[in-house]
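Heads up, the thing below is written out as C-alpha cells.
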Amino acid sequence: DSFGHPAALPALARGFGFEAVIVWRGYGGRRWPAGDAAWWSASSGDRVLLYHLPPSGYELGANLPADSSAATARWGAMREQLVPRARLDVALVPNGADHHARQRNLGEAVAALAAAARPVAVRRSSLCDFVAAAMVAAPSAQLPSVAGELRDSYGYTWTLAGTLATRAPQKRRNARAERLLLREAEPWMALAARRTGRSGRGLLDAAWRTLLLAHPHDTLCGCSVDDVARAFDARLDDVEAQGQGIRDDALAALLGHDAERARSARDAWHPHLIVRNPAPRSRGGVAVVRFSRFVADVRVGPGSGAAAASPEAAPAQLHPRATGAGAVQVLARRTAHERTESPRAYPDDDLVEYVDAAVWLPDVAGFGLQALPVEWGARRRMKVPNPVRVTGRSMANGHLSLGVAPDGVVTLRDEESGHAVAGLLQFEDQDDAGDLYTPSPRGAGRSARFLGARVIHRGPLRGTIETRWRVAVRRGQRADLRVALSLDADARRLRIAIAGENSADDHRLRLCIRTGIASPVVHADAAFGPVERAPLVIPAEDAAMEAALPTAPLHRYVTVSDAARGVTVFSDGLAEYEADADGVVHVTLVRAVGELSRNDLPERPGHAGWPSPTPEAQCRGPFAAELGVLLHGPRTDETVELAEREADDLLLPVTGETLRSVIAAPASLPLLELQGRGLAFSAVKESEDGAWLVLRCVNLLDRAVRGRWVVGGGIREARLARLDETPGEELAVHGDAVDFEAGPRAVVTVLVALGKGGA
C-alpha cells in the first residue's frame, strides 16, 4: 500500500531472489496497459512479474461471508473486478484489510466462496504459492512490458502523492538519521570489526530496527495522528544517539584509542584533530571542523563546590591550527562543558572553548582518518587556492560570484561559462486548505519581504552573506527566515542554509530557485540512481477522483538541463520539489495543515483516513534546511558523475573534531577507495553472517563500466553477490584491489575477505 513505487524496485526484488512484485497504488488506469499483470523492468535490466491488485486493492477479499447466499453475492462483485482484468489463469484475492483482525471462520468462508465461484477453482494459498502459479502462467500469457516509476494511479484509485511535504521537518530528520547509519556508523563499524575482530552487527541491527519501525507509510509519510508523530520523534532521538555512539566507538577502535587508559593518564594528553572522510574517494579542500581547548577543570560531587571552575571563565583569544593542515578561518567561538568518558570511571568534566573553523585540508583518503596535532597561538596568514573575497554584498572565489542587490535580488554567476542567474532565490507562500494526505492550495500566492543582508564570514576559506525575509501569512501569523549564502574557497557550489520560524497555520511555504533554463529536461535522484521525470497530464474524468500533483519526490538532488547547460539543486532531506516549465525548482520548506483527513477537497473528494485534528502538523516553531546550487553544462556522463560527487561533498563533507585525550600516536588508518567513471557508493557493511566485508556501488550511467575497489591491508578472496549477500562468481584479486564489471545502471555487490591486519 505504498503511495507509489521506485523505478529500481525490480532490481531490489531480484537482488533478494523475488520473481514478482504485487502492488496497488501508483499503477493502473488508462495510461498503463490494461490488465492485472505485466513485466516490469528496472533501468539495470532486472525484470519481475508485476501483479496489480483490482481497484478495491487489498480489501477485495476482506471479511468473506460464510452464508451461501451472501457468498454468491460477494463472488459476483469480486468477479466483476477480477475477470475483465485477468491476464493469467490465476488471480490473487487477499483476505484481510488495514486495521482489521484476522477473518473469523475462515475455513467455512472459503468453502462458501468456492461453492459460489464454481467452475472457477478457489483455494487458500500463501503469497509464495500464488507467485509460483503466476510464474508458471506468465511466459505464455503475452504480457505487456512497463518500466520506470509507478506514481500514477489517477482515475483507478487514490495515489496520495501529497504526503511528500507532510510534516517536512520529520522527513528531514529521518533522512539525516538514515545517512548517519548508512554512511558513517555502518562503514566505520565494519572497518573497525575487520581490524579488531570484534563485530558491531548487534548494535547496528538495533539502530536500524529502531529507524525501520518508523518507516511504515502512514508514519514516515506523516499521515497519522500526532501521537504517532511523537513516537516517531522519540525513535529518531534514539537513532541519532545510537548512530553517533556506534560511529565514535568505531573511530576510537580504528585509531587505537583506549578511553580507559586515557582517563587515568591526563598529564599525557596531546590533543589531535581527528579528520574523517565518509566517502570512498580522496577529498580535500575546505572542511568545517571543531577545535576544543581546555579552560578549566570542573569537579562534580561532594566537596566540589569551592573547587569548581567558574562557568564565566573567559579564555584568551587564541587561534587554533592543526599540524599538516593549511589555513584556518574561525567561524564561531563558545564555551561549554565537555566530558571525557571511560567505561570504568565517572566522566571527567572540563570547561572548554569550542572553536568552529573552516580549515584547508590536503586530500584525505577514501574512508580515511587523519589525526593532526593541535596547537594554539597567534593567527597565521597562509595561501589558499581560489580564496573567497567579499566586497560589500558580493563575494567571489574564482569559479563563482554572487551578489545581493539592495532589494534582495540574488545573482549567481559561473565565471568560466558565463552562465548567470538573476533572481536566484525567491519565496512563495499560499493558503493550504488540505489535509495530511492531499494539499489544497487556495488563493493568490504571497511573496516574502526582504528585511536586509549582512556579511557573516569574509573569507578567505568561507564567505557568507546572510539575508533576512518575512512572509506575512495573515494577521498575527507569519514565517521569518534567515538565509545564509556561502561560497568556499575553490568550490563550484553555492551553499544555502535556512533557519526559519513558522507561527502560521494552514499554508505552504516554498523556496523557489531560478535556473534560467526554460522547458528543461528534469532528472531527479532516486533509489539506486536518478530518473527522468516529466509533468503528469491526466484527463478531467480521472482528475475528478483525484487531481494529479505537479510535485515529485526529492531525494538528494534534482537536475534541470537543456542542450547547452544545466543546474542541479541539492537538499539535505526535504522531500518534495516541483520543476516548472520556466526552469524554477520549488522546494517545499513547510506545509502546515491541521487535519488528518477532510472530505471537502476538490482535489480528492472523500476521506482518505479518519477525521482527526492534528494540530502539531501545523509545524509551528523552528524549521531548517540546507541546500546547494551547482551550475554546470548539459547532462552528460561527466555532469551525472559531478552531481553525485557534489551531493556527497554537501551532505557528507570531510569534517573533524578535536580528541583532547590522545596519549599515543594513532595506529595505521583505513583506506577504502571506489574507482570507476559513474560509480556511486551504496553501502559498506559487515555481511549478515560476519564472514565478509560487503562493498556495494551503483553504476549511474547507461553504459557498462569497469570498476575497482581498493581496500587497505590486502584482500584474500572476493566474490560477486546478490543484494541479499548470496555469494556468486569469484573475482580476481590484485593485492589490495579487486576489479569488477558494472552493467548499465547496475547495482554491484562485492564480498571481500581481508588479509591479516586489513582495514
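The values are calculated or read from the model by the stated rules, or taken from the named source; none is laboratory data. Remember, predicted model here, so these are calculated numbers, not experimental data. Here Cβ is always computed from backbone atoms with ideal geometry, including for glycine, and neighbour counts include all displayed protein chains. Heavy atoms of the whole protein, side chains included, go into the accessibility calculation; ligands, DNA and RNA do not. Shrake-Rupley method; radii C 1.70, N 1.55, O 1.52, S 1.80 Å.
Some values worked out for this structure:
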read-out	value
Any chance Val120 is over 27 Å from the mean Cα position of the chain (by Cα), hydrophobic (A, V, I, L, M, F, W, C), surrounded by fewer than 19 Cβ atoms within 10 Å (Cβ to Cβ) and not in a helix (DSSP H, G or I)	yes
Given (1) touching a strand residue (DSSP E or B) at 6+ places or on another chain (Cβ under 9 Å); (2) surrounded by 16 or more Cβ atoms within 10 Å (Cβ to Cβ), index of the condition Gly443 fails	(2)
Among (1) acidic (Asp, Glu); (2) closer than 16 Å to Gln242 by Cβ; (3) open to solvent by less than 20 Å² (accessible area, probe 1.4 Å) - the single one Glu178 does not satisfy	(3)
Any pair with Cβ under 8 angstrom, 6 or more apart, that starts in region 710-724 at a residue that is farther than 22 Å from Gly368 by Cβ and ends at one that is of a type in the set (Ser, Thr, Tyr)	Leu720/Thr749; Ala721/Thr749; Arg722/Thr749; Leu723/Thr749
Which numbered condition Pro439 misses (of (1) closer than 30 Å to Val275 by Cβ; (2) touching a helix residue (DSSP H, G or I) at 6+ places or on another chain (Cβ under 7 Å); (3) not basic (Lys, Arg))	(1)
Tabulated pairs, region 413-426, first on the phi > 0 side of the Ramachandran plot, second surrounded by 14 or more Cβ atoms within 10 Å (Cβ to Cβ) and assigned to a loop (DSSP other than H, G, I, E, B), C-beta under 7 angstrom, 6+ apart or interchain	Gly423/Val409
Qualifying residue in region 676-688 (condition: of a type in the set (A, V, I, L, M, F, W, C), surrounded by 18 or more Cβ atoms within 10 Å (Cβ to Cβ) and at pLDDT below 95)	no
Residue that is surrounded by the most Cβ atoms within 10 Å (Cβ to Cβ) [pool: residues in region 587-620 that are in a strand (DSSP E or B) and either of a type in the set (Ser, Thr, Tyr) or in contact with a Ser or Thr (Cβ under 8 Å, 6 or more places away or on another chain) (or both)]	Arg591
Sole exception among (1) surrounded by 16 or more Cβ atoms within 10 Å (Cβ to Cβ); (2) under 23 Å from the mean Cα position of the chain (by Cα) for Ser661, by number	(2)
Selection status of Leu751, assigned to a strand (DSSP E or B), of a type outside the set (Phe, Trp, Tyr) and either within 20 Å of Arg179 (Cα to Cα) or open to solvent by less than 10 Å² (accessible area, probe 1.4 Å) (or both)	yes
Evaluation of Asp227 against (1) farther than 24 Å from Leu669 by Cβ; (2) at pLDDT 95 or above; (3) crowded, with 16+ Cβ neighbours inside 10 Å (one fails), failing number	(3)
Condition met for Ser304 (part of a loop (DSSP other than H, G, I, E, B), more than 30 Å from Thr166 (Cβ to Cβ), at pLDDT below 95 and open to solvent by less than 30 Å² (accessible area, probe 1.4 Å))	yes
Qualifying residues in region 624-638 (those that are outside any strand (DSSP E or B) and acidic (Asp, Glu)) - the one most open to solvent (accessible area, probe 1.4 Å)	Glu638
Lone qualifier among Arg703, Arg719 - being over 27 Å from the mean Cα position of the chain (by Cα) and surrounded by fewer than 19 Cβ atoms within 10 Å (Cβ to Cβ)	Arg719
Only listed residue being farther than 27 Å from Val409 by Cβ and surrounded by fewer than 22 Cβ atoms within 10 Å (Cβ to Cβ), chosen from Ala534, Ala453	Ala534
Yes/no for Arg74 being open to solvent by 20 Å² or more (accessible area, probe 1.4 Å) and either modelled with pLDDT under 95 or under 27 Å from Pro139 (Cβ atoms) (or both)	no
Residues (closer than 24 Å to Leu631 by Cβ, open to solvent by less than 10 Å² (accessible area, probe 1.4 Å) and assigned to a strand (DSSP E or B)) located in region 405-439	Val410, Leu412, Val421
Candidate set from region 455-497 (those that are among the small types (Gly, Ala, Ser) and part of a loop (DSSP other than H, G, I, E, B)); member that is nearest to Met395 (Cα to Cα)	Gly459
Close pairs from region 258-270: first on the phi < 0 side of the Ramachandran plot, partner aromatic (Phe, Trp, Tyr), Cβ under 9 Å, at least 6 apart	Ala262/Trp269; Trp269/Phe294
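Per-residue answers, yes or no, for (1) of a type outside the set (A, V, I, L, M); (2) assigned to a strand (DSSP E or B); (3) touching a Phe, Trp or Tyr at 6+ places or on another chain (Cβ under 9 Å):
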residue	(1), (2), (3)
Val640	no, no, no
Ala643	no, no, yes
Asp648	yes, no, yes
Phe681	yes, yes, no
Ala691	no, no, no
Val710	no, yes, no
